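Just below is one structure, and these are the notes that go with it.
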Amino acid sequence: MTIKAKTMSRRTLLASAAAMPIAGAFSTPAVASAPMQGTKNALYHRIALGDFEVTTILASTRNFPDPHNIFGLNTSDDDFNAASAAANIPADKVQFFFTPTVVNTGSELILFDTGLSAKGTTAALAEAGYTPDQIDTVVITHMHGDHIGGLMADDTETYVNARYITGGAEFDGWGKTGNKTFEAKMRPLAEKTTFIKGGGSVASGITGLDAFGHTGGHMTYMLESGGKQLLLGADFANHYVWSLAYPDWQVKFDQDKELAVKTRRDILGMLAADKLPMIGYHMPWPALGYVETRGSGYHYVPHSYQMML
């Protein structure tokens, strides 16, 4: 005997489901619905890297209109819109994430960047189980306001027990500009700051790498522990599609746009070839992922469970 397979369409399936009686549908009184809670992200995400604990903290997130005025300055509206549609994101607005990172080496608690304000960053630190006075070292990747804004609350130092580390070229460059945020937040800490260059050490297993272009002395940091590596990428790429996926697209905030493109391609090529995880300050929360090649560009792959194993 031959039995013919019957193909059920989506419409047929839905119709069949609608016709099925629901047990107790007319005999059980309705229960009042729970109140809406509003959307919210957890403010920290922690992984292990060898003997290190690495925690990203969400200091702030906000949306902005007209992202094509920031990203892809050298590309057409049609290409920008097409890239956005392919990634299932709107082309007329963008969600920004501001993500400092805390590294616990076992002997030292190190904070990389301080967010837009002390209030946002210390609130996220608290949720992660840390207090500002526990921070031993603050590393500044570069001196845009969303990275140094939390160094001071008004005129009061936020991380009173910390020493500071940053790139010498970055400090010197901003020191000549008269920038108000730099003068208010970073200049007062100069005497407590150690200045390094590419190859310089923050602590055992943490090395600074020159990544100039976004700013004149922008640096990334390689973490190594227990035979594992992770790159703290800071702002070499500012968006997972409009910057990382299309590395030749110019970004408004890159001070030297041609050098930033070269740096972006160099770092992305390394990450893809070596299959290294990265944390990007402006990547989608929790800011941890991988990079794959895709055509002439790249593709961001969010972390799933690799770092849990």
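General observations
- Val54 satisfies every condition listed in (1) among the hydrophobic types (A, V, I, L, M, F, W, C); (2) surrounded by 10 or more Cβ atoms within 10 Å (Cβ to Cβ); (3) at pLDDT below 95 except (3).
- Inter-residue pairs, beta-carbon under 7 Å, first touching a residue at least 24 places away in the same chain (Cβ under 8 Å) and farther than 14 Å from Ser60 by Cβ and in segment 280-291, second among the basic types (Lys, Arg) and surrounded by fewer than 22 Cβ atoms within 10 Å (Cβ to Cβ), 6+ apart: none
- If only residues of segment 157-178 that are in contact (Cβ under 8 Å) with a residue 24 or more places away in the chain and over 22 Å from Asp210 (Cα atoms) are counted, the one that is surrounded by the fewest Cβ atoms within 10 Å (Cβ to Cβ) is Val160.
- Test: residue in segment 269-280 that is under 24 Å from Pro90 (Cα atoms) and crowded, with 17+ Cβ neighbours inside 10 Å: yes
- Sole residue being surrounded by 15 or more Cβ atoms within 10 Å (Cβ to Cβ), touching a Lys or Arg at 6+ places or on another chain (Cβ under 8 Å) and closer than 26 Å to Ile47 by Cβ, chosen from Tyr290, Tyr240, Tyr221: Tyr290
For (1) closer than 22 Å to Val261 by Cα; (2) without any contact (Cβ under 8 Å) to a residue 40 or more places away in the chain, each residue gets a yes or a no:
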{"residue": "Pro65", "(1), (2)": "no, yes"}
{"residue": "Asp79", "(1), (2)": "yes, yes"}
{"residue": "Pro90", "(1), (2)": "no, yes"}
{"residue": "Phe96", "(1), (2)": "yes, no"}
{"residue": "Thr101", "(1), (2)": "no, no"}
{"residue": "Glu108", "(1), (2)": "no, no"}
{"residue": "Ala118", "(1), (2)": "no, no"}
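- Residues of segment 57-78 that are assigned to a helix (DSSP H, G or I) and surrounded by 13 or more Cβ atoms within 10 Å (Cβ to Cβ): Pro67, His68.
- Looking only at segment 112-131, residues that are farther than 7 Å from Gly150 by Cβ and of a type in the set (Val, Ile, Thr) come to 2 in all.
- Restricting attention to segment 130-142, the residues being touching a residue at least 24 places away in the same chain (Cβ under 8 Å) and more than 17 Å from the chain's Cα centre (by Cα) number 8.
- Screening segment 84-184 for helices (runs of 4 or more DSSP H) wholly inside it with 1 or more residues that are within 18 Å of Gly216 (Cα to Cα) and of a type outside the set (D, E, K, R) returns the ranges 145-148, 168-175.
- Residue within segment 192-211 that is assigned to a helix (DSSP H, G or I), surrounded by fewer than 17 Cβ atoms within 10 Å (Cβ to Cβ) and either within 23 Å of the chain's Cα centre (by Cα) or in contact (Cβ under 8 Å) with a residue 12 or more places away in the chain (or both) present: yes
The values are calculated or read from the model by the stated rules, or taken from the named source; none is laboratory data. Quantities reported herein were computed from a predicted structural model and do not represent experimental measurements. Note that we place each Cβ from the backbone using ideal geometry, even for glycine, and neighbour counts take in every protein chain shown.
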